[in-house]
Amino acid sequence: MCASNAESQLLALPLTLAMAINVGFGLGMVVVPGLRRGAEYLFPAAILTFLAVGVLALAQSGAFPGRVKTAGGFDWTANGSLAQMLPAFALSMVGVSLAAPAAMSTLPVPSAVGMTLATFFLVAAVLVGLVALLPYIHSMLSRSGTPEAAPTILIVIPILTVLGILMLRGDHGMHEHLQVHAAPGERLPLLTKLISAQLVLALPGLGILRRLGYAAKLLKSEKNSVGACALICSCAAFGVLMPSWINAVPVGAGLVTRFSAAYWMLTLVPLITQLRMVKLLSQLNRRHFHRTAQVPRSAPGRTPPAE
């Protein structure tokens, strides 16, 4: 694996670690009594933990291009997907994790440290992502893709969501500690550009999936495909950024009243998206993890052979 294009998939480790730590902190805030009041003591530990994960992600991100540059071995014929964007996804997840103390801490030093480190990983994710796009464009224009790898075309969508949340958290931290006050309307260009980019990428991506017959081959059939889970991540990411746009822009600017009819009409789009992804996840889990014991049946009029 480390001698092929799949070496970049090792970045699933820091990506999973960052996600798991985020889930752990979130669950702790909900189920541990009084933890929220002592959260300020957890922020330095969270920053150090996410920084360690970020160092791992940076080391693994540099290992693959370093090997290719010095020893060669990049297979253009096996690069018909956006799997090389996984390092950018991992770095952006570390960045948004470090931005949480920047937004939530009531002390200026942890907030500033978190925001500085988050900005570093934001820049790293953007640069790594742009570099990963170049070989994909070459392969996409010269070779046809495979249905199994097709969902990776949409991986940019969750990356944009994570980076958008990172920037929103940074704005909140600067508002609290640096007296940088942004009006709700000022967030309209940023969030609208991110959602527009997601839609622009989703339309041709879904068109490619349709032309490849992805749903019939790998969603509605009995064939297993791990890559199908990438669809859930991408669609769910759009369902996360859209409510952020709704609450930060039209609601925040007073254009739409929270929980009004217009509010629920706007919210209906991400809500339907999330419900469909829950249904798809249940379907994939049953197919990949459920094992039904099949007992051989004897023919009518015959007794099963004695053991």
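Would you check if V256 is of a type outside the set (D, E, K, R) and free of Cβ contacts under 8 Å to residues at least 40 places away in the same chain?
Values: of a type outside the set (D, E, K, R): yes; free of Cβ contacts under 8 Å to residues at least 40 places away in the same chain: yes.
Here the answer is yes, as V256 does meet what is asked.
Taking the stated definitions as given, is V96 at pLDDT 80 or above, touching a Lys or Arg at 6+ places or on another chain (Cβ under 8 Å) and crowded, with 17+ Cβ neighbours inside 10 Å? Show your work before the answer.
Values: at pLDDT 80 or above: yes; touching a Lys or Arg at 6+ places or on another chain (Cβ under 8 Å): yes; crowded, with 17+ Cβ neighbours inside 10 Å: yes.
When the stated conditions are applied, V96 passes them.
Yes/no per residue for (1) closer than 30 Å to L86 by Cα; (2) in contact with a Leu (Cβ under 9 Å, 6 or more places away or on another chain); (3) surrounded by fewer than 19 Cβ atoms within 10 Å (Cβ to Cβ):
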position: G227; (1), (2), (3): yes, yes, yes
position: V240; (1), (2), (3): yes, no, yes
position: I246; (1), (2), (3): yes, yes, no
position: R258; (1), (2), (3): no, no, yes
position: A261; (1), (2), (3): no, no, yes
position: W264; (1), (2), (3): no, yes, yes
When (1) within 16 Å of E148 (Cβ to Cβ); (2) surrounded by fewer than 17 Cβ atoms within 10 Å (Cβ to Cβ) are applied to K279, the one that fails is (1)
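In the list T119, T77, T70, which residue meets the criterion of being β-branched (V, I, T) and modelled with pLDDT of 85 or more?
Values: T77 fails: modelled with pLDDT of 85 or more; T70 fails: modelled with pLDDT of 85 or more.
Going through T119, T77, T70 in turn, the sole match is T119.
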Output the qualifying pairs, or none if there are none: Cβ atoms under 8 angstrom, residues six or more apart or on different chains, first residue in the range 22-44 and touching a residue at least 60 places away in the same chain (Cβ under 8 Å), second residue among the charged types (D, E, K, R) and loosely packed, with under 10 Cβ neighbours inside 10 Å.
-> none
May I ask you to list the residues in the range 219-246 that are in contact with a helix residue (DSSP H, G or I) (Cβ under 6 Å, 6 or more places away or on another chain) and of a type outside the set (G, A, S)?
-> N224, L231, I232, C233, C235, F238, V240, L241, M242, P243, W245, I246
Checked against (1) farther than 19 Å from A248 by Cβ; (2) in contact (Cβ under 8 Å) with a residue 24 or more places away in the chain; (3) part of a helix (DSSP H, G or I), T192 satisfies every condition except (1)
Within the group L17, L51, which residue is at pLDDT 90 or above, more than 18 Å from L86 (Cβ to Cβ), surrounded by 13 or more Cβ atoms within 10 Å (Cβ to Cβ) and touching a helix residue (DSSP H, G or I) at 6+ places or on another chain (Cβ under 8 Å)?
-> L51
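The values are calculated or read from the model by the stated rules, or taken from the named source; none is laboratory data. Bear in mind the structure is a predicted one, so any value in this text is a computation, not a measurement. For neighbour counting, all protein chains shown are included, and Cβ atoms are generated from backbone atoms with ideal geometry for every residue, glycine included.
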